[in-house]
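**Student:** Please find one structure pasted underneath; my questions will follow.
The values are calculated or read from the model by the stated rules, or taken from the named source; none is laboratory data. Just so it is clear, the model here is predicted, and its values are computed rather than measured. In this analysis, Cβ positions are derived from the backbone assuming ideal geometry, glycine residues included, and neighbour counts consider all displayed protein chains. Heads up: the accessible areas ignore ligands, DNA and RNA and are worked out on the full protein's heavy atoms, side chains in. Shrake-Rupley method; radii C 1.70, N 1.55, O 1.52, S 1.80 Å.
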Amino acid sequence: MKFSFSLLLLSFKVWSASCCGGGANFPALITGDYKAQLTTSLGHSSVIGHTTADKRSIFHADDNNERSQTLTLIGSYQLSDFWQAGLSLPLIRRSITHPGRNQESTGLGDVEIHGAFEFLPEYSYSSWRPSGFWFSSLSLPTGPSI
């Protein structure tokens, strides 16, 4: 418990290319004896430069900032003993600061629905028998294009 709480106090800086900066898909599966689950995540990204068509890198000046913050609410609900469904709602805030121009917008991102089936259920505790879930998700293009 103490170790898990200490991870909340740490912050890591991660670098990624624009093709990979969208994030990862980690399912909000209900793996315990719960009927429902609510999860939140918070992300922050900054653009430090661009690449031209001829593969030249152009880095931004210090007064040129493009930032994006994403708060995602993910809810899951146990439909039956083996089936569960969920919904992911991202709220995105984008801000661009250039010399002489500041723009900011906030809105809903791409909503995602997901479902899971537990194909290796746990009827009793076993330290060697694994649990198994089949998971699928569908992203709905509800957010505006940048």
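**Student:** From the residues in segment 57-113 that are among the charged types (D, E, K, R) and assigned to a strand (DSSP E or B), which one is nearest to S137 (Cα to Cα)? Show your work before the answer.
**Tutor:** First, pick out the residues of segment 57-113 that are among the charged types (D, E, K, R): 62-63, 66-67, 81, 93-94, 101, 104, 110, 112.
Then keep just the ones that are assigned to a strand (DSSP E or B); that gives 66-67, 93-94, 101, 104, 112.
Details: E66: 29, R67: 27, R93: 24, R94: 25, R101: 39, E104: 30, E112: 7 Å.
If we take residues in segment 57-113 being among the charged types (D, E, K, R) and assigned to a strand (DSSP E or B), then E112 is nearest to S137 (Cα to Cα).
**Student:** Would you pick out the residues in segment 92-146 that are within 22 Å of the chain's Cα centre (by Cα), open to solvent by less than 50 Å² (accessible area, probe 1.4 Å), modelled with pLDDT of 85 or more and of a type outside the set (S, T, Y)? Full working, then the answer.
**Tutor:** Applying the first criterion (within 22 Å of the chain's Cα centre (by Cα)) to segment 92-146 yields 92-96, 104-117, 133-146.
Next, only the ones that are open to solvent by less than 50 Å² (accessible area, probe 1.4 Å) stay: 92, 95, 107, 109, 111-112, 114-116, 137, 143.
Going one step further and asking which of them are modelled with pLDDT of 85 or more, we end up with 92, 95, 107, 109, 111-112, 114-116, 137.
Those that are within 22 Å of the chain's Cα centre (by Cα), open to solvent by less than 50 Å² (accessible area, probe 1.4 Å), modelled with pLDDT of 85 or more and of a type outside the set (S, T, Y): I92, G107, G109, V111, E112, H114, G115, A116.
**Student:** Out of (1) modelled with pLDDT of 85 or more; (2) under 30 Å from E122 (Cβ atoms); (3) surrounded by 14 or more Cβ atoms within 10 Å (Cβ to Cβ), the odd one out for S80 is which?
**Tutor:** Of the numbered conditions (1) modelled with pLDDT of 85 or more; (2) under 30 Å from E122 (Cβ atoms); (3) surrounded by 14 or more Cβ atoms within 10 Å (Cβ to Cβ), the odd one out for S80 is (3).
**Student:** If you don't mind, there's one more thing I want to ask. Examine segment 58-66 for a residue that is small (G, A, S), open to solvent by less than 80 Å² (accessible area, probe 1.4 Å) and within 25 Å of the chain's Cα centre (by Cα), and state whether such a residue exists.
**Tutor:** Looking only at segment 58-66, we keep the residues that are small (G, A, S), and these are 61.
If we keep only those that are open to solvent by less than 80 Å² (accessible area, probe 1.4 Å) too, we end up with 61.
Those left that are additionally within 25 Å of the chain's Cα centre (by Cα): none.
The answer is no, given that none of the residues of segment 58-66 is small (G, A, S), open to solvent by less than 80 Å² (accessible area, probe 1.4 Å) and within 25 Å of the chain's Cα centre (by Cα).
**Student:** Still on this model: Would a scan of segment 120-128 turn up a residue that is part of a strand (DSSP E or B) and either more than 30 Å from K35 (Cα to Cα) or of a type outside the set (A, V, I, L, M) (or both)? Show your work before the answer.
**Tutor:** Narrowing segment 120-128 to residues part of a strand (DSSP E or B): 120.
Pick out the ones that are also either more than 30 Å from K35 (Cα to Cα) or of a type outside the set (A, V, I, L, M) (or both) and you get none.
No, that holds for no residue.
**Student:** Could I ask something else about it? Does L89 meet the test of being within 24 Å of the chain's Cα centre (by Cα) and free of Cβ contacts under 8 Å to residues at least 40 places away in the same chain? If you could, list the steps in order and put the result at the bottom.
**Tutor:** Numbers: within 24 Å of the chain's Cα centre (by Cα): yes; free of Cβ contacts under 8 Å to residues at least 40 places away in the same chain: yes.
Criteria met by L89.
**Student:** Here's another thing I want to ask about it. Filter segment 13-52 down to residues that are assigned to a loop (DSSP other than H, G, I, E, B), modelled with pLDDT of 65 or more and not aliphatic (A, V, I, L, M) and give me whichever is most open to solvent (accessible area, probe 1.4 Å). Talk me through it step by step, then tell me what you get.
**Tutor:** The first filter runs over segment 13-52 and keeps only residues assigned to a loop (DSSP other than H, G, I, E, B), leaving 13-35, 48, 52.
Next, only the ones that are modelled with pLDDT of 65 or more stay: 27-35, 48, 52.
Those left that are additionally not aliphatic (A, V, I, L, M): 27, 31-35, 52.
Details: P27: 37, T31: 106, G32: 33, D33: 161, Y34: 141, K35: 113, T52: 42 Å².
If we take residues in segment 13-52 being assigned to a loop (DSSP other than H, G, I, E, B), modelled with pLDDT of 65 or more and not aliphatic (A, V, I, L, M), then D33 is most open to solvent (accessible area, probe 1.4 Å).
**Student:** Within segment 99-146, track down each residue that is charged (D, E, K, R) and either in contact with a strand residue (DSSP E or B) (Cβ under 8 Å, 6 or more places away or on another chain) or in contact (Cβ under 8 Å) with a residue 40 or more places away in the chain (or both).
**Tutor:** Here is the first cut: in segment 99-146, the residues charged (D, E, K, R) are 101, 104, 110, 112, 118, 122, 129.
Passing the criteria: E104, D110, E112, E118, R129.
**Student:** Need pairs with beta-carbon distance below 6 Å; first residue at negative phi and within segment 28-57, second of a type in the set (S, T, Y) and assigned to a loop (DSSP other than H, G, I, E, B); sequence gap 6+ or separate chains.
**Tutor:** none
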